[in-house]
Amino acid sequence: MEKLLIIEDDEHKIERLKTFAQKHLPEKEVFLATSLVTAIENINKYEFSLIFVDMGIPSHPIEAGSGSPVSLLTGGIEVLLELSELQRTDPCIIITQYPDIEISGQFYPLSQATQQLYDKLECKVETCVHYIEDSSEWEEELKKAIQKI
Amino acid sequence: MINTAKFHHELKKLNVDTRNKVRAICSSSDKVAVKVFNRLRKNLNSKELFQVEMTLSLYNDRGKIIPEHFPTQPQTHENFIRLCSLPLKNYLQHINHLTKHYEEKLLIFFKQIEELNSHIIKQDFSSSERLISEIFQNYGYSHFLLRKCVLIKQLSQDDTSLKGVYNLIDLSGGAKKNNLIVNSLLHCFQEEQDYLSLKKSIMGLRDNGDANKFRRDLTRLPFHPHAKNAEELSQLVQSNLQSSLIDAIIITKINTNLFESSDYPHLFKINGKLNETSPDINSIASTVFPFEDPEEVFFKQSSAWYESDEILEYRTLPDYFYDSPDSSYIEYTDTLIQKLSNRIGCNNLPDLVSTDKLTSHHFQQLHEIEANGTITRSSILNFLLYTKEGNLFITELDLFTLMTKTSDLARTINIQKAKTLAAMLPSDLSKLVIYLLIAKKSSNERDRFSLRRTLQRILINDYQSELLSLVEYLAENYLPIADFIYAVSNEAFLAQLSHIVKSPKQMIEIRAELHNWKGLQTGEQYYINRARSLLIDHQISIVRGEIDDHRIYVDITRFSEWVYDNMAHELNAVLTMMKNNNELEQKDNPQIYALVEKCFYEFCTNSFFGIASYLGRRIRHGTFRGHLYSSVIKIEKRHQKLLQDPVMSSRWESWKNQYEEKVQNIINNKLHVKSNIMPDGFLIPNTAGLEKNEIIAACVHGLVEDFTAQGHTHNSSQLISEYCWRLAEVDLRSINSYFKGQKTSLLDFSELSSITFDHDEEIVCAGKDFTRELHSIISDKITSISSWFKRPHSVSPKISLGYLYKAVVSEVQQTFEQFSPDTTFEENKDIELIGGAHHVLYDALYVIVYNAAKHGKQNGKVTYDYFIVHDKDSSPILKVIIDSEIKDSETELYISDRLKVSPTGNIEDAQVFENRSGIKKLYHLQKYDDKFKINKIACENRFVKIEFTYSLEY
């Protein structure tokens, strides 16, 4: 069974993405990573036919009494770099709630981010989707992106 | 007063047209006069320009336009209206003319400089000082002379009896008046100053155009006097002419590569004569041998010898290659590279490690200084990387050795070329060293990733995934590399070592281990305390069992870099000024307040590393709304039947709209940094208000105390970031109060509840269930949202005294399982302390509780109380009282006797002989922390009663 990895820590967004996956990608087994460390573990364990990547994620899972994970504004990029290091080509789509992405100390609008990620970091992503709460535009955008893969 | 006769005499030497224009300049307003003079300067030849300046200089009202060639007063302020820049040729012709005109005077001046130099070399500072006064009287002020004064000050180790030297420094506006030109020079020459930070700060001074051009050009002289091109040299010459003629001559001497010297024969000749005043570079080098790092001091102070061609030759290499290659003022021209290639004595990295002759001159003392120092070797490494495009080879052993003989490579290395080098190196450890250098400077995520990836590979393969083992191994022979790893491995870095650091707990333990290592290695207790605080914090968080989901954060690495780049120099200058004015004891200074306030503003507002970036990216965009709105209204899916009722449905829709508006209102208006555009933003990036005032005062005192104790400001960034968190926490508390206040409005279900009056019972019951569930969901959401707005413990420790006691009891229970005193406390009456008191309070509590568990009555009563005592005349005091019941079999007299320890007796062995307990340890704490005081240790009414206090900052 093909695998989909959702890297996301916002529980509401997770649910929306899972619902989206059930509807549009029913053939895929869904894996969830709510932190960088779990994302890296998953990547090193499985190959994925699709990965949804959020940019801002915590370093570690948030658990009662386990201390503070570090908030990583560009944690998603770490995941892309790990894939690149492993010479993997799992298709990645960035799904972010912020209209810009910080790459190498500069902000780029989502429309430019895909190219900049490649130019500056040699990281390949299919596209960057702007997730807006209570809107369905992102779903359309995401559907189109998935069709192109 | 105008000497009319002389003025007219000089005026007559001009042709009629020029004469009329000079008259116009004299009779016009400043603005018109400058305009006319600017036009005139463009068209005059050097002889005519000289004559015009001579004439105008006699007219006092135009004194703001024409600087003196040998100024009677120090020129360290923007005293002159800046005229339009002329082509370099015009300035050089003008100076050429001036050197001809003043040749005789200059040559006598040079004789005195030669004599002065000779005194300095002989360390005869009294004679030097007398001559300084004489030169100033006869030939006026110059930055050149000021540099000699500062050199003498440093070489004489601040001998204040050298009045002539200090008078000129004071008259120039430093060190007591915080004049930028003078103070930056003073700092540059100081042994303990961080030269590169200072240089970056000076070369990056804000460009206010003509308003501060003179200041910018003069302050850079000791750091980077080289012009990039003819245009920049024109500006530099103009500024130096404003300072004095000799300064203008020297700046042309330094930059002869930008013009043809033979076109200006008088200037060329004078520059030659000037060089003759200088002692040879070996003699200059011998003056710094007594210092700990002779090359560093030699380099820092070498601008005092700019008259020397040999010094200028020496400086070119480090000026260009001991600096960030990305600096806007640096350009590697073919001529420069050729010149340096001729000077550099080694062509490959193995030679760079082994040779004692790094450069190809014949000055033995200089060779010695260069070989034993780090600056020339670092510069050559950077030069080779640049010229060979990184295609170099070095063995692991040689690379490690090279790292112990170089410095500041992380700030000066060329990232691209270093990457090429890393790719060619044979071992992972070699690559790691290069990636460490690259990652600190690079903003590219892949560079930092490569470092983490390589480090993890090494740790997994060879060090059982233990970072400390690698650090200890490296520290045995290559301490700088171990130190570098320690510096890089902060919490944020460790958090991203995803293959080996699997939990925040592990992250804290590794950091604590590294702090401990550093403490043992340096002997500084600070690091060991820091390690203990981290572990205690973590232990408290386990006891608390809370979910730590803070989303407010600051990238401390980047913030610290910002502080170093933008504040370090100014802070240093103010503190040095306070020191010179004997004001350090007062601890207060408005300029330091202003600097901390600037830091706090950046801490809050910076869109890359400040709170604003996390507020925007981790909270405002999506998450907050998803949490408080979208996930709340999902309730409708579970109550579809109820919502099919038309009345309920319409009321629900109406409530939803109002609720959405309220949530959106919080997002749009509150979740921001306060500004003119966002007046209701919760985070106020200033220090107004009583509470913040107390915190900033404590910060300023802390900075002054640290400077007084250490003599430098290296810890300032750490201190500032700690206090910025405390300042931000004031606003974080206020937003949490705001959320609590909003509960009433967000939990307003009156419209939904009113349905109960006019519906059948089933709907009424369902409606009640519905609103009850809604209430519960929203309450939970607000509670969890509140936890986002807390400062992370890991970046700035804070303790709850209630939980501290729980943590101590929990640790004691590991030894005495039966021991179980009541540790409950009322959270709303709890006290939270911020700062470094952690380990002291923990240790004190541990001693007392351990004693109670070991010697007290089994299942006896143990009480713990704490409160803060405020006193008008002193800072607040935390008072802690612990009472523990004694065994029934023991008498009070017996216990009292056991508790007796003479506070003046030998308590040094407290940590050695009494294992983990003992009243002696409390006295030991008292002895080494003047904030900790034992008030009472006694046995009364069948209880051991111990009371201690701890002085708080605010």
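The values are calculated or read from the model by the stated rules, or taken from the named source; none is laboratory data. Note that the structure is a prediction, hence the values are computed from the model and not measured. Methodologically, a virtual Cβ is constructed for each residue, glycine included, from the backbone with ideal geometry; neighbour enumeration extends over all protein chains shown.
Just for region A:50-72: of the residues that are under 19 Å from B:Ser503 (Cα atoms), aliphatic (A, V, I, L, M) and at the interface with another protein chain (Cβ under 8 Å from one of its Cβ atoms), which one is surrounded by the most Cβ atoms within 10 Å (Cβ to Cβ)? I'd like the intermediate steps shown before the answer.
Taking region A:50-72 and keeping what is under 19 Å from B:Ser503 (Cα atoms), we get A:56-72.
After this cut, where a residue has to be aliphatic (A, V, I, L, M) as well, the list is A:57, A:62, A:64, A:70, A:72.
Cutting the leftovers down to at the interface with another protein chain (Cβ under 8 Å from one of its Cβ atoms) gives us A:62, A:64, A:70, A:72.
Details: A:Ile62: 18, A:Ala64: 11, A:Val70: 24, A:Leu72: 22.
For region A:50-72, the residue satisfying everything is A:Val70.
Being touching a residue at least 12 places away in the same chain (Cβ under 8 Å) and farther than 24 Å from B:Ser379 by Cα is the filter; apply it to region B:187-215 and report the residue that is surrounded by the fewest Cβ atoms within 10 Å (Cβ to Cβ). Let's see the steps before the verdict.
Of all residues in region B:187-215, those touching a residue at least 12 places away in the same chain (Cβ under 8 Å) come to B:187-205, B:210-215.
Among the residues that remain, those that are also farther than 24 Å from B:Ser379 by Cα are: B:205, B:210-215.
Details: B:Leu205: 15, B:Asp210: 13, B:Ala211: 11, B:Asn212: 16, B:Lys213: 19, B:Phe214: 24, B:Arg215: 19.
Selected residue: B:Ala211.
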> How many residues are over 24 Å from B:Ser443 (Cα atoms) and facing another protein chain (nearest Cβ under 8 Å) if we restrict to region B:487-529?
Replying inline: 5
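Just to be sure before I move on: is B:Leu520 in contact (Cβ under 8 Å) with a residue 24 or more places away in the chain, of a type outside the set (Gly, Ala, Ser) and in a helix (DSSP H, G or I) in the structure I sent?
Here the answer is no, as B:Leu520 does not meet what is asked.
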> Out of all the residues in region B:543-578, which are at the interface with chain A (Cβ under 10 Å from one of its Cβ atoms) and without any contact (Cβ under 8 Å) to a residue 40 or more places away in the chain?
Replying inline: B:Gly545
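What do you reckon, is B:Ile152 crowded, with 22+ Cβ neighbours inside 10 Å and free of Cβ contacts under 8 Å to residues at least 40 places away in the same chain?
Values: crowded, with 22+ Cβ neighbours inside 10 Å: yes; free of Cβ contacts under 8 Å to residues at least 40 places away in the same chain: yes.
The answer is yes for B:Ile152.
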>> Can you go through A:Leu5, A:Leu17, A:Leu25 and tell me which one is farther than 28 Å from B:Phe493 by Cβ and surrounded by 21 or more Cβ atoms within 10 Å (Cβ to Cβ)?
In response: A:Leu17
> With B:Val704, B:Val700, B:Val730 as the choices, which residue is surrounded by 15 or more Cβ atoms within 10 Å (Cβ to Cβ) and touching a Gly at 6+ places or on another chain (Cβ under 9 Å)?
Replying inline: B:Val730
>> Exactly one condition in (1) more than 22 Å from A:Ile103 (Cα to Cα); (2) assigned to a helix (DSSP H, G or I); (3) more than 14 Å from chain A (Cβ to nearest Cβ); (4) of a type outside the set (D, E, K, R) is false for B:Ile460; which is it?
In response: (3)
> Of all the helices (runs of 4 or more DSSP H) wholly in region B:626-738, which have at least 1 residues that are within 38 Å of the chain's Cα centre (by Cα)?
Replying inline: B:646-665, B:690-710
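Under the condition of being of a type in the set (Phe, Trp, Tyr) and touching a helix residue (DSSP H, G or I) at 6+ places or on another chain (Cβ under 8 Å), which residue from region B:612-651 is surrounded by the fewest Cβ atoms within 10 Å (Cβ to Cβ)?
Here is the first cut: in region B:612-651, the ones of a type in the set (Phe, Trp, Tyr) are B:614, B:624, B:629.
Filter again for touching a helix residue (DSSP H, G or I) at 6+ places or on another chain (Cβ under 8 Å), leaving B:624, B:629.
Working: B:Phe624: 25, B:Tyr629: 23.
Within region B:612-651, the match that is surrounded by the fewest Cβ atoms within 10 Å (Cβ to Cβ) is B:Tyr629.
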> Within the bounds of region A:49-64, is there any residue that is out of contact with any Ser or Thr (no Cβ under 7 Å at 6 or more places or on another chain), at pLDDT below 90 and farther than 28 Å from B:Arg558 by Cα?
Replying inline: yes
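Looking for something over 28 Å from A:Leu86 (Cβ atoms), at pLDDT 95 or above and more than 14 Å from every other protein chain (Cβ to nearest Cβ) - is there at least one such residue anywhere in region B:414-429?
yes
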> Residue check: is B:Thr815 touching a Gly at 6+ places or on another chain (Cβ under 9 Å) and either under 25 Å from B:Trp725 (Cβ atoms) or not charged (D, E, K, R) (or both)?
Replying inline: no
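Do you know which of the residues in region A:19-29 that are without any contact (Cβ under 8 Å) to a residue 40 or more places away in the chain and not in a loop (DSSP other than H, G, I, E, B) is farthest from the other protein chains (Cβ to nearest Cβ)? Explain how you work it out, then say what you get.
First, pick out the residues of region A:19-29 that are without any contact (Cβ under 8 Å) to a residue 40 or more places away in the chain: A:19, A:21-23, A:26-29.
Retained after the next criterion (residues that are not in a loop (DSSP other than H, G, I, E, B)): A:19, A:21-23, A:29.
On the way: A:Thr19: 11, A:Ala21: 17, A:Gln22: 15, A:Lys23: 16, A:Glu29: 23 Å.
Restricting to residues being without any contact (Cβ under 8 Å) to a residue 40 or more places away in the chain and not in a loop (DSSP other than H, G, I, E, B), the top hit is A:Glu29.
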>> Being more than 14 Å from chain A (Cβ to nearest Cβ) and among the basic types (Lys, Arg) is the requirement here; does B:Arg411 meet it?
In response: yes
> If we scan region B:655-662, do we find a residue that is buried (at least 17 other Cβ atoms within 10 Å of the Cβ) and not aromatic (Phe, Trp, Tyr)?
Replying inline: yes
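Got at least one residue in region A:85-98 being surrounded by fewer than 21 Cβ atoms within 10 Å (Cβ to Cβ), farther than 18 Å from A:Ile14 by Cβ and within 11 Å of another protein chain (Cβ to nearest Cβ)?
Yes - at least one qualifying residue is present in region A:85-98.
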> Before we move on, is B:Leu494 in a helix (DSSP H, G or I) and in contact with a Phe, Trp or Tyr (Cβ under 7 Å, 6 or more places away or on another chain)?
Replying inline: no
> Residue check: is B:Phe214 under 18 Å from B:Gln73 (Cβ atoms), among the aromatic types (Phe, Trp, Tyr) and either out of contact with any strand residue (DSSP E or B) (no Cβ under 6 Å at 6 or more places or on another chain) or assigned to a helix (DSSP H, G or I) (or both)?
Replying inline: yes
> Failed condition for B:Ala844, given (1) surrounded by fewer than 20 Cβ atoms within 10 Å (Cβ to Cβ); (2) within 36 Å of the chain's Cα centre (by Cα), with all others met?
Replying inline: (1)
> A:Gly75 versus (1) more than 23 Å from A:Lys144 (Cα to Cα); (2) more than 9 Å from chain B (Cβ to nearest Cβ): which is the lone unmet condition?
Replying inline: (2)
> Could you count how many residues in region B:284-313 are in a helix (DSSP H, G or I) and under 12 Å from B:Ile369 (Cα atoms)?
Replying inline: 9
>> Suppose the filter is closer than 30 Å to A:Glu122 by Cβ and in contact (Cβ under 8 Å) with a residue 24 or more places away in the chain; does B:Ile508 pass it?
In response: no
> With respect to the numbered conditions (1) in a helix (DSSP H, G or I); (2) in contact with an Asp or Glu (Cβ under 7 Å, 6 or more places away or on another chain), which one is the sole condition not fulfilled by B:Lys42?
Replying inline: (2)
> Out of B:Ser360, B:Ser354, B:Ser327, which single residue is under 23 Å from B:Pro279 (Cα atoms), surrounded by fewer than 21 Cβ atoms within 10 Å (Cβ to Cβ) and polar (S, T, N, Q)?
Replying inline: B:Ser360
